[in-house]
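K.L.:
Just dropping this structure here.
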Amino acid sequence: MLLYEDIIKEDNLDLRKQSVEVKLPLSNEDKQTLLDMNEYLENGYQEELVKKYHLRPGVGIAAPQIDILKKMFVILAYDEKNILHHYGVINPKILSYSEELTYLESGEGCLSVDRKVDGLVHRPKRIKVTFDSYDFTTGEINKVTIRLKNYIAVVFQHEYDHLFGHLFIDRIRKDQPFYVPSNSTPIQFTSDEE
Ligand code: ZN
């Protein structure tokens with residue numbers, strides 16, 4: 001199983017490289033990469049395992065982060081309405097972006113950036129994406145085209161960036177880290193205390 005030490009950090013230049021397309025049908029090796037990444041995210045939701053193995057929980061992880069330069073990532077995240085999104089993403093393409101932007105008020109984080117970074121990342125609030133979707137229950141792969149918005153759109157774009165060697169820290173304005181453009185609004189998470 002993957003541990004936090006297996007995730008390469010920002011000083012590793014491989015994180016800055018471009019990933020290549022994954023060949024389909026999926027090789028056993030590529031399938032294992034997806035399963036390993038998925039297991040890491042799932043373990044991050046298990047408090048006992050997090051303590052025992054000193055894991056850092058995450059909502060997404062991309063293959064380049066475990067030094068495999070292929071266009072694959074996994075998302076396991078609850079959106080702002082507490083709905084679970086679980087995707088095994090292969091060879092994604094973002095087909096369109098909204099002009100309207102959104103951001104996380106607390107800023108973004110990354111398993112490959114092991115420090116607190118101050119600043120905001122503004123990204124398109126809605127995207128339309130297409131990818132080969134790996135179903136972790138059946139092992140089937142289906143081509144899907146879906147629209148994502150708000151938090152999950154942010155997570156998707158963050159992981160997508162990894163496939164092109166970009167990190168969220170690149171997207172923070174150096175001169176004004178907390179600048180908010182007029183077309184950007186924060187993601188509103190629903191409160192648990194209702
Ligand atoms: Zn990241």
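K.L.:
Could you tell me how many of the residues in the stretch 39-49 are within 15 Å of I7 (Cα to Cα), more than 16 Å from the ligand (Cβ to nearest atom) and in contact with a helix residue (DSSP H, G or I) (Cβ under 9 Å, 6 or more places away or on another chain)? If you could, list the steps in order and put the result at the bottom.
P.N.:
Looking only at the stretch 39-49, we keep the residues that are within 15 Å of I7 (Cα to Cα), and these are 39-41, 43-44.
The next check asks that each one be more than 16 Å from the ligand (Cβ to nearest atom); those that pass are 39, 43.
Then keep just the ones that are in contact with a helix residue (DSSP H, G or I) (Cβ under 9 Å, 6 or more places away or on another chain); that gives 43.
Residues flagged as within 15 Å of I7 (Cα to Cα), more than 16 Å from the ligand (Cβ to nearest atom) and in contact with a helix residue (DSSP H, G or I) (Cβ under 9 Å, 6 or more places away or on another chain) within the stretch 39-49 amount to 1.
K.L.:
What strands (runs of 3 or more DSSP E) lie completely within the stretch 1-118 and have 1 or more residues being touching a Lys or Arg at 6+ places or on another chain (Cβ under 8 Å) and closer than 17 Å to H158 by Cα?
P.N.:
On the way: elements: 60-62, 72-78, 84-97, 101-103.
Passing ranges, in order: 84-97, 101-103.
K.L.:
Another question about this same structure. Which residues, counting only those in the stretch 70-94, are open to solvent by 30 Å² or more (accessible area, probe 1.4 Å) and either within 20 Å of P181 (Cβ to Cβ) or among the aromatic types (F, W, Y) (or both)?
P.N.:
Y78, Y87, listed by residue number.
K.L.:
Being closer than 25 Å to K125 by Cβ, open to solvent by 20 Å² or more (accessible area, probe 1.4 Å), modelled with pLDDT of 95 or more and aromatic (F, W, Y) narrows it down to one of Y53, Y45, Y97, so name that one.
P.N.:
Numbers: Y53 fails: closer than 25 Å to K125 by Cβ; Y45 fails: closer than 25 Å to K125 by Cβ.
Selected residue: Y97, the only one of Y53, Y45, Y97 that is closer than 25 Å to K125 by Cβ, open to solvent by 20 Å² or more (accessible area, probe 1.4 Å), modelled with pLDDT of 95 or more and aromatic (F, W, Y).
K.L.:
Name every residue in the stretch 133-177 that is within 16 Å of the chain's Cα centre (by Cα) and of a type in the set (D, E), in order of residue number.
P.N.:
Once the filter is applied, which keeps residues that are within 16 Å of the chain's Cα centre (by Cα) and of a type in the set (D, E), the stretch 133-177 yields E159, D161, D170.
The values are calculated or read from the model by the stated rules, or taken from the named source; none is laboratory data. Note that the structure is a prediction, hence the values are computed from the model and not measured. Please note: Cβ atoms are built from the backbone with ideal geometry, for glycine as well, and neighbour counts cover all protein chains shown. All accessible areas refer to the heavy atoms of the entire protein, side chains included, with ligands and DNA or RNA removed. Shrake-Rupley method; radii C 1.70, N 1.55, O 1.52, S 1.80 Å.
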